[in-house]
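A short worksheet on the structure shown next.
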Amino acid sequence: MNTEESLRECDGEMPAVVDLDKCDGCKGRKEKGTSMCMEECPVEAISLVEEPDPSNAPMGREQHAEINAEECTDCEVCVDVCEQGAISMVEASE
């Protein structure tokens with residue numbers, strides 16, 4: 001599915017969320033400052049947050065993904081590319 005097809009299928013009713021216990025910030029797979037989910041998000045709803053103390057963070061990660069629920073269009077591209085299974089969809093609260 002390409003980006004254009006993903007955007008057509010999005011309805012914004014089930015935003016993606018990050019499980020911070022599973023997210024390793026793509027440590028060892030991507031350079032610091034980028035991640036698979038951030039690169040692949042068609043609406044740029046994902047940013048990376050630096051860990052203040054990586055030695056205390058899960059898996060010693062230096063960064064973790066954060067998803068802006070208001071910008072998320074629920075296309076699930078991030079869910080598909082996350083190798084850690086750290087991103088899932090949740091029903092939006094009303």
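The values are calculated or read from the model by the stated rules, or taken from the named source; none is laboratory data. Computed from a predicted model, the values in this text were never measured in an experiment. For neighbour counting, all protein chains shown are included, and Cβ atoms are generated from backbone atoms with ideal geometry for every residue, glycine included.
Taken as a whole, the structure places Glu91 among residues that are in contact (Cβ under 8 Å) with a residue 40 or more places away in the chain and on the phi < 0 side of the Ramachandran plot. For region 4-17, the criterion of a residue being at pLDDT 90 or above and out of contact with any Pro (no Cβ under 6 Å at 6 or more places or on another chain) is satisfied by at least one position.
Quick one: in region 39-94, of everything that is part of a loop (DSSP other than H, G, I, E, B) and among the aliphatic types (A, V, I, L, M), which residue is surrounded by the fewest Cβ atoms within 10 Å (Cβ to Cβ)? So that I can check it myself, show each step before the final result.
As a first pass, look at region 39-94 and keep what is part of a loop (DSSP other than H, G, I, E, B): 41-45, 51-53, 57, 61-62, 68-76, 82-86, 90-94.
Filter once more, keeping what is among the aliphatic types (A, V, I, L, M): 43, 45, 57, 69, 86, 90, 92.
Working: Val43: 16, Ala45: 21, Ala57: 19, Ala69: 15, Ala86: 22, Val90: 11, Ala92: 13.
Per the stated criteria, the residue is Val90.
Within region 67-90, the set of residues being under 15 Å from Lys22 (Cβ atoms), under 10 Å from the mean Cα position of the chain (by Cα) and among the aliphatic types (A, V, I, L, M) comprises Ile67, Val79, Val81, Ala86, Ile87. Does region 36-54 contain any residue that is modelled with pLDDT under 95 and hydroxyl-bearing (Ser, Thr, Tyr)? Checked against the condition, which is being modelled with pLDDT under 95 and hydroxyl-bearing (Ser, Thr, Tyr), region 36-54 yields no hits at all.
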